[in-house]
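One structure is given below, encoded as structure tokens.
The values are calculated or read from the model by the stated rules, or taken from the named source; none is laboratory data. Remember, it's a predicted structure, so these values are computed and weren't measured experimentally. Note: ideal-geometry Cβ built from the backbone for every residue, glycine included; neighbour counts use all protein chains shown. Side chains included, ligands, DNA and RNA excluded: accessible areas come from the protein's heavy atoms. Shrake-Rupley method; radii C 1.70, N 1.55, O 1.52, S 1.80 Å.
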Amino acid sequence: MSQIEKLEQEISVAIAAASDEAALEAVRVAALGKKGAISELLKTLGAMPPERRKTEGPRINGLKDRVTAAIAQRRAALKDVALDQRLNTEAVDVTLPVRESPAETGRIHPISQVIDELTAIFADMGFAVAEGPDIETDAYNFTMLNFPEGHPAREMHDTFYFNPKPDGSRLLLRTHTSPVQIRTMLAERPPIRVIIPGRTYRSDSDQTHTPMFHQVEGLVIDKGSHLGHLKWILQEFCKAFFEVDRVKMRFRPSFFPFTEPSLEVDIQCRRDKGEIRFGEGEDWLEILGCGMVHPNVLKYCGIDPDEYQGFAWGLGIDRIAMLKYGMPDLRAFFEADVRWLAHYGFRPLDFPTLAGGLSP
């Protein structure tokens, strides 16, 4: 038996003995790899006399072709065996129910839902949406909103301040979305009609307060705007948001540094078995604050208060979400509990519209 025949026999036995693709790959490398047995034979052709090379060359190359074909055949057989094993061990139970798609199982957070509802309501009234940064300057958050030095809202127990800069000034996490009113009035000229939903921050935490919460504010600046317009807007908003045919509201005098006169608004309701129903009953619930924009605020923004006047209002998005959808604890909004979200969340494709209904 020649050396080539003996080598072919050894390789054939090794191929047949390979129990998986990893073992077969080891055989291939040992035979056809850079330093494999057949490769070493091919290297000897260069040193052979021409006559011998004519006979040995075809024999060695023939061996290489046969081994390559045998390995490919064995690999195909091993793949079939592996597939049969997987099919036997990974059988699919066709009687199991089909899994729901992400569009069916996913849920929109109530805060996102309520912001969409607010946007739909006020967009129908012709309001645009304005946004601003969460990190603000003292000037935009307090001074230009007519907060005098030493006002209690500036104290550390209410406001999250950053470390002082070299010049002594400090940035802060905005305590309300009112700085966006300032930014809007500085960037645009009247008439202005915007709502401002966004995150706000105050040092407070209990069942109805969290250090981070959401507010929406509205701002109208025009030559002829007055409290009658404000009352109509708030009444139409409450009817649309709480989806009732009528609401009864009362306006009480209050104080905010950035409005004059300032008002707090109560809405008629009925408390029944832990639920609050609007548009009926004899109880009252405070829901928001509002007022005419203070002339000093207009002056800070370069708007002549003798020519223009306006009104603004603000309310907590988290709070009205709790009132409308019966959520007892504000802290659950931020705990990322998928069970809570599955219960209180909204289907992703149920977009709120005034025509189709705000809530599903």
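Translational diffusion coefficient of the stretch 1-91 (Stokes-Einstein, Kirkwood radius from Cα pairs, 25 °C, 0.890 mPa s): 169 µm²/s. When Rg and the Kirkwood Rh are both derived from Cα coordinates, the Rg/Rh ratio for the stretch 72-126 amounts to 1.54. For the residue pairs Lys231/Lys273; Lys6/Lys54; Lys6/Lys43; Lys248/Lys299; Lys43/Lys79, the C-alpha atoms sit more than 28 angstrom apart in Lys231/Lys273; Lys248/Lys299; Lys43/Lys79. Each helix, a run of at least 4 DSSP H residues, gives -39500 (n - 2.57); summed and divided by the residues of the chain, these come to -12500 deg cm²/dmol at 222 nm.
GNM on the chain, alpha-carbon springs under 10 angstrom: the most fluctuating residue among Val338, Val13, Val114 is Val13. Normalised by 2.2 N^0.38 Å, where N is the number of residues, the C-alpha radius of gyration of the stretch 45-156 stands at 2.93. Accessible surface computed residue by residue for the stretch 70-205, with neighbouring protein chains in place and a 1.4 Å probe, gives 58 Å² per residue.
Built from the Cα atoms of the chain, the convex hull projects on average onto 35.7 nm², one quarter of its surface area.
3J(HN,Hα) couplings calculated from phi for the stretch 30-44 with the Karplus curve 6.51 cos²θ - 1.76 cosθ + 1.60 (θ = phi - 60°) are, in sequence order, 5, 9, 10, x, 4, 10, x, 4, 5, 4, 5, 5, 4, 5, 6 Hz; Gly and Pro show x. Among 219-229, 175-185, 132-142, sorting by the average number of other beta carbon atoms lying within 10 angstrom of each residue, highest first, gives 175-185, 132-142, 219-229.
Of the two radii for the stretch 124-196, the radius of gyration is 1.03 times the Kirkwood radius, both from the alpha carbons; that is the Rg over Rh value. Evaluated at 20 °C with a viscosity of 1.002 mPa s, what Stokes-Einstein diffusion coefficient in µm²/s does the stretch 205-357 have when Rh comes from the Kirkwood expression over alpha-carbon pairs? Translational D for this selection: 122 µm²/s.
Given R0 = 22 Å, the distance between the Cβ atoms of Glu282 and Trp232 translates into a calculated FRET efficiency of 0.35.
The apolar share of the surface of the chain, taken as the fraction of accessible area on carbon and sulfur atoms (1.4 Å probe, ligands and nucleic acids excluded), comes to 54 percent. On full extension, the segment bounded by Phe334 and Arg59 gains 91.4 nm, given 0.36 nm per residue less the C-alpha separation.
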